[in-house]
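Notes for the one structure printed next.
The values are calculated or read from the model by the stated rules, or taken from the named source; none is laboratory data. Here the structure is a predicted model, which is why all the values come from computation and not from measurement. Methodologically, a virtual Cβ is constructed for each residue, glycine included, from the backbone with ideal geometry; neighbour enumeration extends over all protein chains shown. Calculation scope for accessible area: heavy atoms of the full protein, side chains included, ligands and nucleic acids excluded. Shrake-Rupley method; radii C 1.70, N 1.55, O 1.52, S 1.80 Å.
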Amino acid sequence: MEQQLLIYNTLSRQKELFRPLTEGRVGMYVCGPTVYGDGHLGHARPAITFDVVFRYLQHLGYKVRYVRNITDVGHLEHDADEGEDKIAKKARLEQLEPMEVAQYYTNRYHAAMERLNVLPPSIEPHASGHIMEQIALVQQLLDKGYAYESNGSVYFDVRKYQEDTHKYGQLSGRVIDEMLATTRELDGQDEKRFSGDFALWKKASPEHIMRWPSPWSDGFPGWHAECTAMGSKYLGSPFDIHGGGMDLVFPHHESEIAQCQASTGHAPCRYWMHNNMITINGQKMGKSLGNFITLDEFFTGKHELLAQAYSPMTIRFFILQAHYRSTVDFSNEALQAAEKGFSKLMEAYKALNRIADNPGATEASGISDLRQKCYDAMNDDFATPTVISHLFEATKIINSAADGKLKLSQADIDELKFVFDTFLFGILGMRDEAGGSNTALLDGLMQVILDIRATAKANKDWTTSDRIRDSLTALGITVKDGKDGATWQL
């Protein structure tokens, strides 16, 4: 059955039917990390959000080229045109080469993404490896009259662009008059014709380490230029989907639209997708605010705000329990609930595999439409919380069968396996953290222990039987007796 996918477009502020520019193919660009520190929960959210989008589009049969960049130059401290380059500052403080800093944190970001089961993108371009493309973009904007040089730096002329197109602020809803009233004075502001103009190329100060020759000065590209240059290089212009965190809507993505519209005459993409923020006590989690918890700290539990360590799949499940466009507030209680919820789904899946050895003849109700319910949820702007709720519906049915309250036919079992394999593991990207051979070893050892306990019970040796059960309980393993024998779960 052909699936009709709806995507919420930030630009139109409504859900739209997804129609790729080229039939059967999708080009998707997502803004990746600025690699000057360890990834935190706020970085995990866009990575996981667009990983699910990537997985689902592939599941629907599209050939997807997914580009996610690495920002390793040009992102200044205050997301504007002032301060130090974030990576150059880190390099100065640690007495390293800037590219040492970038490589170190890129490696750590990749390791964290692998633990979160985030698939690698099709292409991962680095801003520092595409300086020539960014210089060419700047020259194109100068030639078209939408940029100007000032003291060796080049700025985008927002006022002229607005006079010609009336499109600046269309993504964020901001208008130039408001910007004039709210934009604070910045260092080097006298270089600009208008406070809202943004840097396309910055002349490097004498102490600035990261610099490249250009027709205007030895310097470095502006932060916004990189995504416009690399997106068009690898996906063409326009492409289908541009994604990122909601904090990038302004100024980053607004500036991308202006650069592309001014240089090519059209928008960079058809659909703009933005995930919402992770918050702590209602405030956005971010490095600039100093209120972040790194992913490694979550995995080890080594942070004063954490009551315990949380596994990568607990973090992933926690994020997917909320719709990507809603905020998620961090709390230990919410993470513990996610841990328990995911454990229930995994135990149900294990129980389903045991039930598969003894199918019944009658079909249970509530199973036949589970598959389409999950598709309907995904097609409604990737509603992962709804998919999870349907998986819990399936869990109730499986648990009833495991308790002997109903029989599942082979068709029921096959359908439930399809739903779990396709949606929980394939599309939501969850996985059994116990891991292949270790899981088999644990299952085998537990079966030996349960067989010994069953023998003790058969011999009416209740002391040994109870001692085995109580010892396992103390280790966090629950033993449940049923008419077909005992089962266990962590």
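Miscellaneous remarks
- For the set Lys63/Lys396; Lys302/Lys457; Lys407/Lys457; Lys89/Lys192; Lys284/Lys417; Lys90/Lys284, the pairs lying more than 32 angstrom apart at their alpha carbons are Lys63/Lys396; Lys302/Lys457; Lys284/Lys417.
- Only protein heavy atoms count here; under a 1.4 Å probe, Glu133 has an accessible surface of about 60 Å².
- Taking every DSSP beta bridge that has both ends in the range 26-178, the antiparallel portion is near 40%.
- Taking the DSSP beta bridges with both ends in the chain, the antiparallel portion is around 50 percent.
- In sequence order, calculated HN-Hα J values of the range 90-105 (Karplus, 6.51, -1.76, 1.60; Hz; x Gly/Pro): 4, 5, 5, 5, 9, 6, 10, 5, x, 6, 5, 4, 4, 5, 4, 7
- With the charge dipole of the chain set up from +1 on Lys and Arg Cβ and -1 on Asp and Glu Cβ about the Cα centre, the Cα lying farthest toward the positive end among the listed residues Tyr146, Leu320, Asn459 is that of Asn459.
- Residue-wise HN-Hα coupling along the range 349-358, computed from phi with Karplus coefficients 6.51, -1.76, 1.60 (Hz; x: Gly, Pro): 5, 5, 5, 4, 5, 6, 5, 4, 7, 9
- Residues whose amide H comes within less than 5 Å of that of Glu16, counting only those at least five positions distant or on another chain, are Ile7, Tyr8, Asn9 (H built at 1.01 Å from N in the peptide plane).
- Under 5 Å, built H, 5+ apart or other chain: amide partners of Val26: Lys63, Val64, Arg65
- Where Leu96, Leu335, Leu248 fall by accessible area, highest first, once all protein chains stay in place (1.4 Å): Leu96, Leu248, Leu335
- Area of Trp462 that stays accessible when all protein chains are in place (1.4 Å probe, Å², to 10): 130
- Each Lys and Arg Cβ is given +1 and each Asp and Glu Cβ -1; about its Cα centre, the chain then shows a dipole of about 1120 debye.
- Computed with every protein chain present, the accessible area of Arg115 is close to 110 Å² [probe 1.4 Å].
- CD proxy at 222 nm, helix term only [per DSSP H run n ≥ 4: -39500 (n - 2.57); per residue of the chain; nearest 500]: -14000 deg cm²/dmol
- Part-to-part distance (alpha-carbon centres) for the range 107-144 and the range 207-243, which is given in Å: 9
- Built amide H within the under 5 Å cut-off of Cys269, gap 5+: Phe239
- Cα lying deepest toward the dipole's positive end in the chain, options Phe392, Leu119, Ser255, charges on Cβ: Phe392
- Residues of type aspartates and glutamates that Lys340 reaches as a straight line, Cα spacing below 16 Å, ignoring anything fewer than 8 places off in the same chain: Glu393, Asp432, Glu433
- ³J(HN,Hα) computed for each position of the range 391-396 - Karplus, 6.51 cos²θ - 1.76 cosθ + 1.60, integer Hz, glycine/proline x: 5, 5, 4, 5, 4, 4
- Magnitude of the charge dipole, the range 1-57, Cβ model with Lys/Arg +1 and Asp/Glu -1, debye to 20: 140
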